[in-house]
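Chemist: Below is one structure. I have some questions about it.
The values are calculated or read from the model by the stated rules, or taken from the named source; none is laboratory data. What you see is a predicted model, and the numbers here were worked out from it, not measured in a lab. Note: ideal-geometry Cβ built from the backbone for every residue, glycine included; neighbour counts use all protein chains shown.
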Amino acid sequence: KKRVKRIISGLTKSSPPEFIEALKKAYSKQPDTKYKAISEEDFAFLQAEAKRTGLGGCAIFNKINNPPKGLDKRHLKGIFDGTIKNTIPKWLLTVKETFLKQPDMKPTLEYKAISEEDFAFLQAEAKRTGLGGYAVFQYIDNPPLGMKSQHAGNIVYGKLKSAPQEWIDALKEVYLEQPNKEIEFKRVRLSEEDLAFLKSESERTGLGGNAIFRLIKNPPKGMKDNLNHINKLVKGKKTKSSHLAWVNALKEVYPEQPDALDETISEEDLVFLQAEAERTGLSGYAVFQYIDNPPKGMSKAIAANIVSGIKKFSPQAYIKALKDTYALQPNKHPSNNNTPPPNDLTM
């Protein structure tokens, strides 16, 4: 060891060549321990990557597969907070390469207090349109990250005092697209005249609420979700009120439809249909599912009423569709037959 020290310190002026080669080879295998100042460019890169990935000094250290000897979390933390100004270049390169392999940090929601101005605007728009937060949320095509209907409701009702600005902006934008409630959402008391008109048109065309709704090109908002109410309207059942836009849409589309051309359902056709229902185990409601292209205005309920005998009149096209479809169906499966198996009959 003394001889090696003397060679390295320069005290020994001559030495066997193999000694010198052995020392050079050993030194080449040692890591670089020369610290260098961290450049402003490298420091800015590390700060930008930490912001992009959300990983600080300690976190990025955990991502390094094989940390260089001597590098630890404390050293990296010092680099990132600026207290350590020098480091070994190899360590710095390892950290930079590790950062480049990391994905972007998942977006985070930044909450801030909802301003009085924004809240007042939303309250005024809710009153103008007749739509609360829950209702207007349905019209937001692409809700911002993390936003749900309950958030919208709580914001507009004043229960939520802070929220991401993106949520507030989405609500403000969608409210401005909505009409005044007096136009689209005004409820009116239904006159006997209107009820009688809708009922007579439904009977004339053979089109119930569901069927006539499908013929409205641009249904008013909310109509699709209230087809039970529409069915009551066109059947002439007593309803205290309805949305003006819905009533007007029905009054406009019904006169455009031709007469149903109902014919009396013959006894022969009814017997055939009921026999087929017994043979196949399929009611009118069930067999309707197998009609590839139902005639215009035909529905499951109508099919069920025809086969059960409740409906006495029907367009001939409906009868033909049912007869043709029944003829294509197999006999009902034995498991659907209530008759006990042969062995049980002998007991």
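Chemist: Return a yes/no flag: does region 145-164 have any residue that is closer than 18 Å to THR129 by Cα and either part of a loop (DSSP other than H, G, I, E, B) or in the same structural domain as LYS311 (by TED's automatic domain parsing) (or both). Spell out the reasoning first.
Modeler: Filtering region 145-164 for residues closer than 18 Å to THR129 by Cα gives 149, 152-158.
Still in the list and also either part of a loop (DSSP other than H, G, I, E, B) or in the same structural domain as LYS311 (by TED's automatic domain parsing) (or both): 158.
Among the residues of region 145-164, at least one is closer than 18 Å to THR129 by Cα and either part of a loop (DSSP other than H, G, I, E, B) or in the same structural domain as LYS311 (by TED's automatic domain parsing) (or both), which makes the answer yes.
Chemist: Could I ask something else about it? In region 250-287, which residues are part of a loop (DSSP other than H, G, I, E, B) and of a type in the set (Gly, Ala, Ser)?
Modeler: The answer is ALA260, SER266, GLY281, SER283.
Chemist: Working carefully through the options GLU116, GLU97, GLU125, find the one that is within 16 Å of TRP167 (Cα to Cα) and surrounded by fewer than 13 Cβ atoms within 10 Å (Cβ to Cβ). Reasoning before the result, please.
Modeler: Numbers: GLU97 fails: within 16 Å of TRP167 (Cα to Cα); GLU125 fails: surrounded by fewer than 13 Cβ atoms within 10 Å (Cβ to Cβ).
When all the criteria are applied, what remains is GLU116.
Quick grid of which residues meet (1) at pLDDT below 85; (2) touching a helix residue (DSSP H, G or I) at 6+ places or on another chain (Cβ under 8 Å):
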position	(1), (2)
ILE155	no, yes
LEU160	no, yes
ASP169	no, no
ASN180	yes, yes
GLU184	yes, yes
ARG187	yes, yes
GLU193	yes, no
GLU203	yes, no
GLY209	no, yes
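Chemist: How many of the residues in region 128-148 are within 13 Å of LEU160 (Cα to Cα) and in contact with an Asp or Glu (Cβ under 8 Å, 6 or more places away or on another chain)?
Modeler: Residues meeting the conditions: 1.
Chemist: For region 289-305, enumerate the residues that are assigned to a helix (DSSP H, G or I), touching a Lys or Arg at 6+ places or on another chain (Cβ under 9 Å) and touching a residue at least 24 places away in the same chain (Cβ under 8 Å).
Modeler: ILE302
Chemist: May I pose another question? Is it the case, given these coordinates, that ILE84 is assigned to a helix (DSSP H, G or I), surrounded by 14 or more Cβ atoms within 10 Å (Cβ to Cβ) and either at pLDDT 90 or above or more than 50 Å from the chain's Cα centre (by Cα) (or both)? Show your work before the answer.
Modeler: Values: assigned to a helix (DSSP H, G or I): no; surrounded by 14 or more Cβ atoms within 10 Å (Cβ to Cβ): yes; either at pLDDT 90 or above or more than 50 Å from the chain's Cα centre (by Cα) (or both): yes.
When the stated conditions are applied, ILE84 does not pass them.
Chemist: Continuing with the same structure: VAL247: assigned by TED's automatic domain parsing to the domain that holds ILE140, among the hydrophobic types (A, V, I, L, M, F, W, C) and either in a helix (DSSP H, G or I) or at pLDDT below 85 (or both), yes or no? Reasoning before the result, please.
Modeler: On the way: assigned by TED's automatic domain parsing to the domain that holds ILE140: no; among the hydrophobic types (A, V, I, L, M, F, W, C): yes; either in a helix (DSSP H, G or I) or at pLDDT below 85 (or both): yes.
Criteria not met by VAL247.
Chemist: Let me ask you something else. What pairs can you find where one residue is in region 204-223 and without any contact (Cβ under 8 Å) to a residue 24 or more places away in the chain, the other is of a type in the set (S, T, N, Q) and buried (at least 18 other Cβ atoms within 10 Å of the Cβ), and their Cβ atoms are less than 8 Å apart, with a gap of 6+ or different chains?
Modeler: none
Chemist: Is it the case that region 111-134 has a residue that's under 30 Å from GLY57 (Cβ atoms) and under 27 Å from the mean Cα position of the chain (by Cα)? Even if it seems obvious, please write down each step before you answer.
Modeler: Residues of region 111-134 under 30 Å from GLY57 (Cβ atoms): 111-112.
Right, trim to under 27 Å from the mean Cα position of the chain (by Cα) and you get 111-112.
Yes: one or more hits.
Chemist: Shifting gears a bit: In region 207-256, which residues are among the basic types (Lys, Arg) and farther than 16 Å from PHE197 by Cβ?
Modeler: Going through region 207-256, the residues among the basic types (Lys, Arg) turn out to be 214, 217, 221, 224, 232, 235, 237-238, 240, 251.
ARG214, LYS217, LYS221, LYS224, LYS240 - these are the residues of region 207-256 that are among the basic types (Lys, Arg) and farther than 16 Å from PHE197 by Cβ.
Chemist: If the Cβ limit is 7 Å and pairs must be 6+ apart or interchain, which residue in region 44-70 that is within 16 Å of THR87 (Cβ to Cβ) pairs with which residue that is of a type in the set (Gly, Ala, Ser) and not in a helix (DSSP H, G or I)?
Modeler: Partner pairs satisfying both residue conditions: ALA50/GLY56.
Chemist: Same structure again: Condition (residue is in contact with a Gly (Cβ under 9 Å, 6 or more places away or on another chain) and within 30 Å of TYR157 (Cβ to Cβ)) applied to region 46-62: is it met by at least one residue?
Modeler: So in region 46-62, the residues in contact with a Gly (Cβ under 9 Å, 6 or more places away or on another chain) come out as 46, 50, 57.
Checking the rest, the ones that are also within 30 Å of TYR157 (Cβ to Cβ) come to none.
No, that holds for no residue.
Let's see how each residue does on (1) part of a helix (DSSP H, G or I); (2) within 30 Å of GLU40 (Cβ to Cβ); (3) free of Cβ contacts under 8 Å to residues at least 12 places away in the same chain; (4) outside the structural domain of LEU244 (by TED's automatic domain parsing):
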{"site": "GLY78", "(1), (2), (3), (4)": "yes, yes, no, yes"}
{"site": "TRP91", "(1), (2), (3), (4)": "yes, yes, no, yes"}
{"site": "ARG128", "(1), (2), (3), (4)": "yes, no, no, yes"}
{"site": "LEU131", "(1), (2), (3), (4)": "no, no, no, yes"}
{"site": "ASP141", "(1), (2), (3), (4)": "no, no, yes, yes"}
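Chemist: Can you name the residue in region 222-240 that is at negative phi and modelled with pLDDT under 80 and, of all such residues, is surrounded by the most Cβ atoms within 10 Å (Cβ to Cβ)?
Modeler: In the first step, residues of region 222-240 are kept if they are at negative phi; the result is 223-235, 237-240.
After this cut, where a residue has to be modelled with pLDDT under 80 as well, the list is 237-240.
Working: LYS237: 11, LYS238: 8, THR239: 13, LYS240: 7.
The qualifying residue surrounded by the most Cβ atoms within 10 Å (Cβ to Cβ) is THR239.
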